[in-house]
């Protein structure tokens, strides 16, 4: 049986209830020492140490799992690379990925939604918001989406003779 040190009458002291249930209740009376308990929940140190450790481990795993699931893979895209040249009709320079609507050259030019890189990566590599202005000519090299016929993920984009690697 565990031994506990006694303190002044206002100190939190053990009782049969503590040993039976492993916790102390607020405003509970300790018959063994004939003093009221402190007005708080308390647990013996050995119990709180294990509980705290498990709580931290569960919280860490939960956060890491959320981070992994928050980002997606690229398995929804074809493996064969293709090139589309045309005119930018819309652009978005926002996270999680920038994008442009690129109207391909030709009389029946298809308009593609081209998924670019995150804005931080594009900025670091010199592809600014101003480079993606509506009306600008661009060439995107990337992979078409397997199920969305007008979407592609760009590996690189060339604007005004400058090629930017996006991956």
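The values are calculated or read from the model by the stated rules, or taken from the named source; none is laboratory data. All figures in this text were calculated on a predicted structure; none of them were measured in a lab. Using ideal geometry, Cβ is built from the backbone for each residue, glycine included, and neighbour counts are taken over all protein chains shown.
Residue by residue through segment 149-166, note down the ones that are touching a residue at least 12 places away in the same chain (Cβ under 8 Å), assigned to a loop (DSSP other than H, G, I, E, B) and exposed (fewer than 12 other Cβ atoms within 10 Å of the Cβ). Can you show your working first?
Keep residues of segment 149-166 that are touching a residue at least 12 places away in the same chain (Cβ under 8 Å), which gives 150-160, 162, 164-166.
Now narrow it down to the ones that are assigned to a loop (DSSP other than H, G, I, E, B): 150, 160, 166.
Scanning segment 149-166 gives a single hit, 160.
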> Taking segment 129-139, which residues are surrounded by 11 or more Cβ atoms within 10 Å (Cβ to Cβ) and outside any loop (DSSP other than H, G, I, E, B)?
Replying inline: 129, 131, 132, 137, 138, 139
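May I ask you to verify whether residue 126 is at positive phi, in a loop (DSSP other than H, G, I, E, B) and without any contact (Cβ under 8 Å) to a residue 12 or more places away in the chain?
Values: at positive phi: yes; in a loop (DSSP other than H, G, I, E, B): yes; without any contact (Cβ under 8 Å) to a residue 12 or more places away in the chain: no.
Here the answer is no, as residue 126 does not meet what is asked.
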> For segment 99-123, how many residues are closer than 17 Å to residue 160 by Cβ and outside any helix (DSSP H, G or I)?
Replying inline: 5
> Is it the case that segment 68-90 has a residue that's assigned by TED's automatic domain parsing to the domain that holds residue 141, modelled with pLDDT of 85 or more and in contact with a helix residue (DSSP H, G or I) (Cβ under 7 Å, 6 or more places away or on another chain)?
Replying inline: yes
